[in-house]
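Here's the structure we're looking at; comments come further down.
What follows draws every value from the coordinates through simple rules; no lab data is involved. What you see is a predicted model; the values in this text were computed from it and never measured. Using ideal geometry, Cβ is built from the backbone for each residue, glycine included, and neighbour counts are taken over all protein chains shown.
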Amino acid sequence: MDVSRYARHLALPDFTAAHQQRLAQARVLVIGAGGLGCPCLLYLAAAGVGCLRIADPDRVALSNLQRQTLYTTADIGRRKADAARDRLLALNPEICIESHALPFNAETAFDLLTGCDLVIDGSDNFATRYVANDAAVLAGLPLVFGSVFRYEGQVAVFNAVRPDGNRGPNYRDLFPEPPPAGTVPDCAEGGVLGVLPGVVGTLQALEALKLLTGLGESLDGRLWSFDARSFTAQTLAIVADPDNPLRGSPPRQTGLIDYAAFCGLPPSVPELEPQELACWQAAGVDFDLIDVREASEYAAANLGGRLLPLNELTDRWAELDPARCIVVHCQRGGRSQQAAALLRDRGFAEVWNLRGGLEGWIAAGLPLGSQVQG
């Protein structure tokens, strides 16, 4: 370890070489290398955390660059986990970076957690947040939580070990049930102020460093909430919920569950890769392309399909021909999966979801502005 790299740490009161060594020996899993993961990873790497394990299946898209500052325009189309690894090693070649182009779900969770000391949740959906929480609790690991929505951000520390040996509250104490599916828009639909994930992700890194070194007082049992418009913040106490299924002797839940069903997500539907859709176009396959994003998103960039926003689909589905092959897409693939499931439930014979949506199409290097509808 090059001590001069961490000289400003070692100049701090109460921060010793032993604390820096704790960081060097730590292994941290960061779920998501997006808006929250990017600043968090940068500061953990700079601080000398010995091994950073990144789990993110997505590729870099142009719309990411407004807030995901690990990447440049040249990274568009690359796996985020790989691009992040290269950038972080350029910053600090002394540390280990493990890149995994995998989703964090019930199938991958425990493998990704193996050997880790701490989990940082930088995900952007409720299913991943619940599996991250449950896996961390079941594995006995503290979890640093962060979230952003439009102009607001939140940070908390869950499942931290307390001086008496007990564990602090977890995500299910704060949110026992997920909101109804489709009621909380994602960043693509609801938007997010680009600098806000930088604020929240940096604070996640701060909480991680405190937990790993034992210095300072963490956000254990507290939720910090910030409104960027008014520059106001508040800290709320989190009270343990006696009905939390992960509590009790014995607890009602002792393993991971079906988180898609728990969060009310639609059943999976067949998916097309962007390159497959381009091949369909080139081969003259007869299909209808439906864009279920909002009108503002469509005006910014589109694939030439028919605009039919998801929130209007239940009232307008009869405008579509159930006998025709239909391909639906949105910005990243989540809303279109809901739309595809809805159409299949209505008896549509062949409905496909475009994997990765418009961002996946762009990341694959395929052109915009052409009429891809068959």
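For the reader, a short list of remarks on this structure follows.
- Average Cα contact separation per residue, the stretch 271-363, under 8 Å, 6 or more apart, as relative contact order %: 34
- Working note: Karplus 6.51/-1.76/1.60 with θ = phi - 60° gives the stretch 120-136 the couplings 10, 9, x, 6, 10, 8, 6, 4, 5, 4, 6, 5, 4, 5, 5, 5, 5 Hz, where Gly and Pro are set to x.
- Across every pair of non-identical alpha carbons in the stretch 76-125, the mean reciprocal distance, once inverted, gives a Kirkwood radius of 12.6 Å.
- Loop-located GluC sites (Glu not before Pro) in the stretch 55-127 (DSSP state other than H, G, I, E, B) with a sparse environment of at most 12 neighbouring Cβ atoms within 10 Å: E107.
- In the stretch 50-90, trypsin sites (Lys or Arg not before Pro) in a DSSP loop with at most 16 other beta-carbon atoms within 10 Å: R78
- Taking a ≥ b ≥ c as the square roots of the Cα gyration tensor eigenvalues, the stretch 1-92 comes out prolate, since a/c reaches at least 1.5 and a/b is larger than b/c.
- A straight chain from V285 to E319 at 0.36 nm per residue would run longer than the Cα-Cα distance by 10.1 nm.
- For the chain, the relative contact order comes to 15 percent (Cα pairs under 8 Å, sequence separation of at least 6).
- Between A7 and E94, the modelled label-to-label distance comes to 1.3 nm, taking each label 7 Å out from Cα in the direction of the beta carbon.
- The stretch 289-354: trypsin sites (Lys or Arg not before Pro) falling in loop per DSSP and having at most 11 other Cβ within 10 Å: none
- Neighbour counts of other Cβ atoms within 10 Å put C279, C187 in the fewest-to-most order C279, C187.
- Cα gyration tensor category, rounded, prolate or oblate, for the stretch 3-262 with a/c compared to 1.5: rounded
- Segment S249-E152, extension gain: residue separation times 0.36 nm, minus the distance between their alpha carbons: 31.2 nm
- Kirkwood Rh and Cα Rg combined as Rg/Rh, the stretch 271-363: 0.93
- When the square roots of the Cα gyration tensor eigenvalues are ordered a ≥ b ≥ c, the ratio a/c for the stretch 66-208 is 1.5 or more and a/b does not exceed b/c, which makes its shape oblate.
- Taking 4.7 Å between C-beta atoms as the pairing limit, the chain has these partnerless cysteines: C38, C40, C116, C187, C263, C279, C325, C330.
- Remark: the T235-A261 segment gains 6.2 nm on full extension, using 0.36 nm per residue and subtracting the alpha carbon distance.
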